[in-house]
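The values are calculated or read from the model by the stated rules, or taken from the named source; none is laboratory data. All values reported here derive from a predicted model rather than from experimental measurement. FYI the Cβ positions are ideal-geometry reconstructions off the backbone, even for glycines, and counts take in every protein chain you see.
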Amino acid sequence: MLLKEIVTINKDKINCSDLSNDNYISTENLLPNFGGYTKSSNVPAGKCTKIYPNNILLSNIRPYFKKVLYCNFFGGCSNDIISMIPSNEKILLNKYLFYIICSDKFINLYVKNSKGTKMPRGDINVLLNYDIEIPNIPTQQHIVDSMPQHFLFFQND
């Protein structure tokens with residue numbers, strides 16, 4: 001099944017003035033190799049993408065850095081970050097989607113199809129047309145349960 005059939009890309013906007021250094025995520029404060037995030041050094045003016053708990057955030061700039069976050073808080077993110085969530089959790093679990101996005105298979109394909117040399121950008125169509133096999137919910141849950149918990153939750157207190 002193609003991700004575009006089961007995933008919603010979040011396009012909701014929020015005023016950046018409603019955010020703080022604690023709940024704004026940019027490509028700069030997302031850590032490489034699925035390392036979570038650090039406090040933002042600044043929050044820009046204008047609008048950015050609103051994020052909700054359980055959104056999966058994927059940096060669209062220099063995808064080889066593997067900046068992916070399972071977000072467990074309300075906030076906002078740079079427009080250079082793709083925020084997504086399953087369209088129906090009876091078919092696809094949020095944490096299983098995170099598992100798929102973090103897989104070597106997906107990351108390698110996303111990197112291979114990125115465009116540009118200095119600051120390559122991932123191709124949203126590669127994401128949306130990524131074909132996955134979706135196991136039943138108990139199997140998805142079993143896979144998620146086998147993942148280290150620190151890998152899933154990165155809210156810095």
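None of 93, 127 is out of contact with any Ser or Thr (no Cβ under 6 Å at 6 or more places or on another chain), under 19 Å from residue 4 (Cα atoms) and touching a residue at least 60 places away in the same chain (Cβ under 8 Å) except 127. Of all the numbered requirements in (1) more than 15 Å from the chain's Cα centre (by Cα); (2) more than 25 Å from residue 134 (Cα to Cα); (3) not hydrophobic (A, V, I, L, M, F, W, C), residue 88 misses one, and that requirement is (2). Residue 82 satisfies every condition listed in (1) part of a helix (DSSP H, G or I); (2) surrounded by 14 or more Cβ atoms within 10 Å (Cβ to Cβ); (3) at pLDDT 95 or above; (4) not charged (D, E, K, R) except (1). Among all residues of segment 43-62, there is at least one that is under 19 Å from residue 109 (Cβ atoms), touching a helix residue (DSSP H, G or I) at 6+ places or on another chain (Cβ under 8 Å) and surrounded by fewer than 23 Cβ atoms within 10 Å (Cβ to Cβ). When segment 1-60 is filtered for residues that are polar (S, T, N, Q), touching a Phe, Trp or Tyr at 6+ places or on another chain (Cβ under 8 Å) and part of a strand (DSSP E or B), only 59 remains. For residues that are in contact with a helix residue (DSSP H, G or I) (Cβ under 6 Å, 6 or more places away or on another chain), of a type in the set (A, V, I, L, M) and not in a loop (DSSP other than H, G, I, E, B), tally how many sit in segment 128-141. Looking only at that region, the number is 1. Being surrounded by 14 or more Cβ atoms within 10 Å (Cβ to Cβ), basic (Lys, Arg) and in contact (Cβ under 8 Å) with a residue 60 or more places away in the chain: is that true of residue 39 here? When the stated conditions are applied, residue 39 does not pass them.
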